[in-house]
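A short write-up of the structure that comes next.
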């Protein structure tokens with residue numbers, strides 16, 4: 001009798017393990033506080049990373065994080081190299097033609113970053129007409145910058161590279177996510193650069209999956225609802241941003 005019970009229990013554990021899937025998550029670990037490498041551990045951490053791990057585990061699966069360049073993430077989704085993109089990806093009509101997005105999990109906007117000494121020179125986007133503007137390649141900041149009349153847009157793999165180019169007079173401004181620059185300024189106490197007050201192109205962020213992968217999309221939305229209902233989303237948000245959005 002004892003052997004039968006043990007066999008049933010063991011069978012249940014093995015069956016549970018067999019049902020769990022490893023979900024490959026593509027990210028670009030250069031966009032703090034959403035995803036970046038911890039300087040001490042070299043581990044990929046951030047708001048997106050905590051969130052996608054919690055969502056995947058809420059469904060009984062296991063996440064595996066894979067770092068790659070932002071510009072290559074949508075192609076990786078489309079060719080099934082990864083199952084999910086967790087990279088602060090803004091939901092846009094153009095991207096919705098290429099991939100499917102989960103329910104939105106964060107509201108974002110773009111900020112204009114300038115050198116502090118230029119605060120009276122560059123106040124609005126119109127002031128950047130005909131100027132050199134830095135952005136991250138493939139980002140909504142880059143797309144937005146290309147719409148500025150006569151602007152020469154210089155794209156970089158990482159946002160931090162855009163900031164460095166700005167500080168060394170390579171460009172007159174950078175267009176990046178507001179949350180990204182706020183986190184950078186708070187963390188580095190960098191007085192050389194600043195943001196202008198206006199928020200541009202307000203949008204929402206979602207996790208991306210292949211058009212054909214409805215099963216994964218349903219899992220993501222189910223997991224997101226679960227962690228919002230049980231309070232885990234709020235805990236993760238407060239960990240990275242301090243107050244609830």
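The values are calculated or read from the model by the stated rules, or taken from the named source; none is laboratory data. Please read all numbers here as calculations on a predicted model, not as lab measurements. Virtual Cβ from ideal backbone geometry, glycine too; neighbours counted across all protein chains shown.
Any residue at all in segment 140-154 that's more than 22 Å from residue 68 (Cα to Cα) and touching a residue at least 60 places away in the same chain (Cβ under 8 Å)? No, segment 140-154 contains no residue that is more than 22 Å from residue 68 (Cα to Cα) and touching a residue at least 60 places away in the same chain (Cβ under 8 Å).
Only residues that are farther than 18 Å from residue 103 by Cβ and in a helix (DSSP H, G or I) were counted in segment 67-84, giving 8. State whether one or more residues within segment 47-66 are under 22 Å from residue 176 (Cα atoms), modelled with pLDDT of 95 or more, in contact with a strand residue (DSSP E or B) (Cβ under 8 Å, 6 or more places away or on another chain) and not in a helix (DSSP H, G or I). No, every residue in segment 47-66 fails to be under 22 Å from residue 176 (Cα atoms), modelled with pLDDT of 95 or more, in contact with a strand residue (DSSP E or B) (Cβ under 8 Å, 6 or more places away or on another chain) and not in a helix (DSSP H, G or I).
Considering only residues in segment 92-103 that are over 21 Å from residue 153 (Cα atoms) and either at pLDDT below 95 or over 14 Å from the mean Cα position of the chain (by Cα) (or both), the one that is surrounded by the fewest Cβ atoms within 10 Å (Cβ to Cβ) turns out to be 93. Looking only at residues in segment 182-217 that are farther than 30 Å from residue 118 by Cβ and part of a strand (DSSP E or B), the one that is farthest from the chain's Cα centre (by Cα) is 209.
Modelled with pLDDT of 95 or more and either more than 14 Å from residue 99 (Cα to Cα) or not in a helix (DSSP H, G or I) (or both): is that true of residue 226 in this structure?
Criteria met by residue 226.
Would you check which residues across segment 104-134 are loosely packed, with under 14 Cβ neighbours inside 10 Å, in a loop (DSSP other than H, G, I, E, B) and touching a residue at least 40 places away in the same chain (Cβ under 8 Å) and list them?
119, 124
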